[in-house]
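J.: Structure incoming, see below.
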Amino acid sequence: MKENEIVPGFTLKDFEERLNNLLSIMDDNSLFILGSKKESYMSPNVKYPYRQDSNFYYLCGVSEPECYLVIRKNNESSQIKHEITLYVREKSKREFFHGVVNGVESLQKLFGNLIEVKPVKGFLRDLQGHVRNYNIIYHDPDFDEGLSDFIVKSGGGIEEFRGEKQRKKVIYPDSLVSMLRSRKSASEIAHIKKCASISAQAFTELMKKIRPGMSEAHVEAILEFECRIRGAQRLAYPPVIGSGDRANIIHYLTNNHLTQDGDLIRIDAAAEYYGYMNDITRTFPVNGKFTAPQRKVYEAVLDIQKKCIEYLKKHTTETITVHSYHDYSYRLIIESLSQHFNISKSKNELCQLADSVVYPHMVGHPTGMWIHEDIPTRDDKLGPGMIITCEPGIYFSNQVKEYIPNSLLHGIGVQIEDDILLTEDGIEVLSHETPKEVEEIEEIMARGRAQHPMYFSF
């Protein structure tokens, strides 16, 4: 980490700004309670690798379980306007088994006067008094049933929270934090650009090394390896590695078939870098050379994607929502089916075909710390600081071959996805380093075969 960073990429000033922004949208006389992600087990005594809850990490940067962040916002007339407390595990002999924890003292030095750090063993005792004193409580009742029961009991019983005598109100904390996370700061944008560069280099290396006959699992392993040796903690989500007709399965996760000479492979995968991630998809030929039919579909999708990216630039002068953005892409898909692929159907029939199989997903969604970031509704305006994907696709699955007159197109599925930052004066394609032009892909893959002539699966 660099000097003054609390976690890689972010300083105390970043977390102070986030907490102040949260306080600015909390109600007066309110209590905010957020727990860290619970550990989960694949079998008794064997834990899954731990990943912190994104909202918790966003607000304090701590990556340990068994922690709680509590924020008390008082009335304007109060002498103390707010208090922020972080409850964490203490250092103990457990570290010999489970790894070093930060502990109270080291975290207090990091956070200074911004956050008071206390041992987690005192959390429930303190919480009991807080719940009695505040009438608005930001808490997720589904997070921990036992904790929710404790809050209700501490607040005077269920009648205090519902019914005619209700005095206390529970609000999901996600509703506040998601609002803050939707607009990325300069530090976050720089961090996500670093992540995008890792993903781009990994895709480029994969294009060099992939060969017909490799298993989809081998392809996945290469991509994860190339991401992790460049600093990524993991892949951002379970990757889609679909070759041949499996490229037409939108969320194909089996990844256990052998690739064949002549297949296209659709890969939806990207890196996660210290809490932030990309969402990138590329489709390319396993043998390094597009056939004429494959290129026809690919270039149709690429043309649609470029037009959709241009459309996003209008957010600075027009009201653009996720719905209007998708509707624009949908019209382009319908036009392409009719004009480029000679599917002679009525507009209604083309729409039914697109909805069911050929284009059954949205053109994009916000992304950042979650692969699908929350937005209040798809009709809310998109604006500067948001990152949204652009991921049109055309899927000519063998299931719909009776609608496709050209049999050479059967089984071809193509999707191209990039992450787009909306700025004050336009857009920036954050994943621009990841190759997507036909000539560039073929040149990289040819170069890879020259560099690694014997790279193959066992």
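The values are calculated or read from the model by the stated rules, or taken from the named source; none is laboratory data. Note that the coordinates shown come from a computational prediction; the quantities given were computed from them, not determined experimentally. Here Cβ is always computed from backbone atoms with ideal geometry, including for glycine, and neighbour counts include all displayed protein chains.
J.: If you check HIS139 against the conditions, is it outside the structural domain of ILE375 (by TED's automatic domain parsing) and either in contact (Cβ under 8 Å) with a residue 60 or more places away in the chain or surrounded by 18 or more Cβ atoms within 10 Å (Cβ to Cβ) (or both)?
T.: Yes: the conditions hold for HIS139.
J.: Here is a follow-up. Please state which of the following conditions CYS227 fails to meet, knowing it meets all the rest: (1) in a loop (DSSP other than H, G, I, E, B); (2) surrounded by 20 or more Cβ atoms within 10 Å (Cβ to Cβ).
T.: (1)
J.: Further question on the same structure: Suppose the filter is in the same structural domain as GLU391 (by TED's automatic domain parsing), within 23 Å of the chain's Cα centre (by Cα), of a type in the set (Phe, Trp, Tyr) and over 26 Å from CYS351 (Cα atoms); does TYR325 pass it?
T.: For TYR325, the condition - in the same structural domain as GLU391 (by TED's automatic domain parsing), within 23 Å of the chain's Cα centre (by Cα), of a type in the set (Phe, Trp, Tyr) and over 26 Å from CYS351 (Cα atoms) - is not met.
J.: Another question about this same structure. Any residue in the stretch 363-380 that is in a loop (DSSP other than H, G, I, E, B), assigned by TED's automatic domain parsing to the domain that holds ASN256 and either among the polar types (S, T, N, Q) or over 22 Å from the mean Cα position of the chain (by Cα) (or both)?
T.: Yes, the stretch 363-380 contains a residue that is in a loop (DSSP other than H, G, I, E, B), assigned by TED's automatic domain parsing to the domain that holds ASN256 and either among the polar types (S, T, N, Q) or over 22 Å from the mean Cα position of the chain (by Cα) (or both).
J.: Another question, then. Based on what the data block shows, is SER344 assigned by TED's automatic domain parsing to the domain that holds TYR276, under 23 Å from VAL297 (Cβ atoms) and surrounded by 16 or more Cβ atoms within 10 Å (Cβ to Cβ)?
T.: no
J.: Oh, and also: List every residue pair whose Cβ atoms sit under 9 Å apart, with the two residues 6 or more apart in sequence or on different chains, where the first one lies in the stretch 7-25 and is free of Cβ contacts under 8 Å to residues at least 60 places away in the same chain and the second, anywhere, is crowded, with 18+ Cβ neighbours inside 10 Å.
T.: LEU23/PHE32; LEU23/ILE71; LEU23/LYS73; LEU23/ILE84
J.: When you go through ALA186, ALA196, ALA247 one by one, which is the residue that is under 20 Å from TYR274 (Cβ atoms), crowded, with 16+ Cβ neighbours inside 10 Å and either of a type outside the set (Asp, Glu) or not assigned by TED's automatic domain parsing to the domain that holds ASP419 (or both)?
T.: ALA196
J.: Hey, another quick one. Looking at this structure, is VAL363 modelled with pLDDT under 95, surrounded by 15 or more Cβ atoms within 10 Å (Cβ to Cβ) and not hydroxyl-bearing (Ser, Thr, Tyr)?
T.: No, not satisfied.
J.: Quick test of your reading of the structure: PRO238 fulfils all but one of (1) in the same structural domain as VAL429 (by TED's automatic domain parsing); (2) surrounded by fewer than 18 Cβ atoms within 10 Å (Cβ to Cβ); (3) over 25 Å from ASP374 (Cα atoms); (4) of a type outside the set (S, T, N, Q). Name the failing condition by number.
T.: Condition (3) is where PRO238 drops out.
J.: Something else: Would you say TYR41 is exposed (fewer than 11 other Cβ atoms within 10 Å of the Cβ), among the aromatic types (Phe, Trp, Tyr), within 20 Å of the chain's Cα centre (by Cα) and over 19 Å from VAL104 (Cα atoms)?
T.: Taking the combined requirement at face value, the residue does not satisfy it.
J.: Among the residues in the stretch 415-424, are any loosely packed, with under 14 Cβ neighbours inside 10 Å and under 26 Å from ILE388 (Cα atoms)?
T.: There is at least one residue in the stretch 415-424 that is loosely packed, with under 14 Cβ neighbours inside 10 Å and under 26 Å from ILE388 (Cα atoms).
J.: Here's something else I'd like to know. In the stretch 381-401, what residues are of a type in the set (Phe, Trp, Tyr) and outside any loop (DSSP other than H, G, I, E, B)?
T.: TYR395
J.: Within the stretch 427-455, which residues are at pLDDT 95 or above and surrounded by fewer than 18 Cβ atoms within 10 Å (Cβ to Cβ)?
T.: Of everything in the stretch 427-455, those that are at pLDDT 95 or above and surrounded by fewer than 18 Cβ atoms within 10 Å (Cβ to Cβ) turn out to be GLU428, VAL429, HIS432, GLU433, GLU437, VAL438, GLU439, GLU440, GLU443, ALA446, ARG447.
J.: Provide a single number: the residues in the stretch 149-175 that are crowded, with 20+ Cβ neighbours inside 10 Å and touching a residue at least 40 places away in the same chain (Cβ under 8 Å).
T.: Of the residues in that region, 2 qualify.
J.: Something else about it: Count, please, the residues in the stretch 259-282 that happen to be β-branched (Val, Ile, Thr) and either assigned to a strand (DSSP E or B) or not assigned by TED's automatic domain parsing to the domain that holds ASP245 (or both).
T.: 3
J.: So, one more: Given (1) crowded, with 16+ Cβ neighbours inside 10 Å; (2) under 30 Å from LEU422 (Cβ atoms); (3) in contact with a helix residue (DSSP H, G or I) (Cβ under 9 Å, 6 or more places away or on another chain), where does LEU353 come up short, assuming only one miss?
T.: (2)
J.: State whether one or more residues within the stretch 396-412 are touching a residue at least 12 places away in the same chain (Cβ under 8 Å), farther than 26 Å from THR367 by Cα, in contact with an Asp or Glu (Cβ under 8 Å, 6 or more places away or on another chain) and not hydroxyl-bearing (Ser, Thr, Tyr).
T.: Looking through the stretch 396-412, at least one residue is touching a residue at least 12 places away in the same chain (Cβ under 8 Å), farther than 26 Å from THR367 by Cα, in contact with an Asp or Glu (Cβ under 8 Å, 6 or more places away or on another chain) and not hydroxyl-bearing (Ser, Thr, Tyr).
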